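Undergrad: Submitted below is the structure of interest, expressed as structure tokens.
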Amino acid sequence: MKATKAPDELLGAPFYHNFIALNAVNIIESCTHTRDKKGTMFLTDHMLLFVLEGSNKITYGNNSYLVRKNEMVLLRKNINFEFHKIGNQETDHSYDSMYFFLKDEFLVDFMKMAGITSTYTEEMARITVKPVKEPLLSFVNSIKPYFSDPQNVDQGLIRLKIMELLYDLASTDKNLLLQLLQLKKQVVADITQVIEDNYMNPLNLEDFAYLSGRSLSSFKRDFLMIYKTSPAQLIREKRLNKAKELLLMTQLPIKDVCYTTGFENIAHFSRAYKQFFGETPSNSREMHTSLS
């Protein structure tokens, strides 16, 4: 299943969500009726999710977070996660949530406004689901009227409201403040672990460098010392080997194998696969099936 890149791919067809777009922030309202909706999302910006009706189960790596009505969770950018939305059966299976997508530059401005001069933290923040109580709940709901006429929204006002939102959250929750600080300044991570955890995600080299807590030049240098090859070459080979494994060991359609292994274009995937293995993806599957 192809991951939806958020927020950009949520702003148009086939989703047609209500949204407000600012320079460094996007706010998206997801309001629908659903008994059971699953999918995969890849975050290109940091995401603050509020569930206002129903529930949403977020699965990232080996961890799952169930976000129920009037709860929230903060996730950093450059991660791929599965979601499972369930509507409230008592209200005709209605599901309502609000996403705040935050760019790094917005976090810089927030830290300046909050008077935070250092991003150094001694402990790692944990991803946690938090209850949303008054007056924060009223604050989130106060954004809703702006979706009816987003072209005429005072962007300065909305920006201030979101700054206020983050300030209120950070001032009342130490762990969430740590999360906000560590969104901007990643802790240096083990490169091999970063590669293993993320090589099937649709990331570029700048994204991998960010996840490892390094500059792009430092990432390339350290990567070469470990693997003795370039990041692009190794990641391509790992994706193609995983693609062949899925083709031979599962019944996934070829297009799903393509998207699952981090390729974003089926034609490009087929060319790369044939160049690497000497046969097309469909030929690999057919030959394996005939020998089984």
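Undergrad: Residue check: is Ser138 part of a helix (DSSP H, G or I), surrounded by 12 or more Cβ atoms within 10 Å (Cβ to Cβ) and not aromatic (Phe, Trp, Tyr)?
TA: When the stated conditions are applied, Ser138 does not pass them.
Undergrad: So the check is Cβ under 6 Å with 6+ separation or different chains; which pairs have a first residue in the stretch 42-53 that's closer than 20 Å to Glu264 by Cβ and a second one that's among the small types (Gly, Ala, Ser)?
TA: Note: pairs meeting the criteria are Phe42/Ala3; Leu43/Ala6.
Undergrad: Name every residue in the stretch 230-252 that is closer than 16 Å to Gln275 by Cβ and free of Cβ contacts under 8 Å to residues at least 12 places away in the same chain, in order of residue number.
TA: Across the stretch 230-252, the qualifying residues are Gln233, Asn241.
Undergrad: Condition first: within 18 Å of Asn241 (Cβ to Cβ) and of a type in the set (A, V, I, L, M). Now tell me which residues in the stretch 195-210 satisfy that.
TA: Of everything in the stretch 195-210, those that are within 18 Å of Asn241 (Cβ to Cβ) and of a type in the set (A, V, I, L, M) turn out to be Ile195, Met200, Leu203.
Undergrad: Out of everything in the stretch 180-228 that is over 28 Å from Asp109 (Cβ atoms) and among the aromatic types (Phe, Trp, Tyr), what residue ends up being surrounded by the most Cβ atoms within 10 Å (Cβ to Cβ)?
TA: Only one residue tops the list, namely Phe223.
Undergrad: Right, another one. Listed residues Val108, Val132; which is closer than 25 Å to Ala24 by Cβ and surrounded by 15 or more Cβ atoms within 10 Å (Cβ to Cβ)?
TA: Val132
Undergrad: Something else now. Take the residues of the stretch 233-292 that are small (Gly, Ala, Ser) and modelled with pLDDT under 90: which is surrounded by the most Cβ atoms within 10 Å (Cβ to Cβ)?
TA: Gly262
Undergrad: Can you find a residue in the stretch 83-105 that is modelled with pLDDT of 85 or more, surrounded by 14 or more Cβ atoms within 10 Å (Cβ to Cβ) and in a helix (DSSP H, G or I)?
TA: yes
Undergrad: Given the condition among the hydroxyl-bearing types (Ser, Thr, Tyr), without any contact (Cβ under 8 Å) to a residue 24 or more places away in the chain and farther than 21 Å from Gln179 by Cα, answer yes or no: does some residue in the stretch 63-76 qualify?
TA: No, the stretch 63-76 has no match at all.
The values are calculated or read from the model by the stated rules, or taken from the named source; none is laboratory data. Bear in mind the structure is a predicted one, so any value in this text is a computation, not a measurement. As a convention, Cβ positions derive from the backbone with ideal geometry for all residues, glycine included, and neighbour counts pool all protein chains shown.
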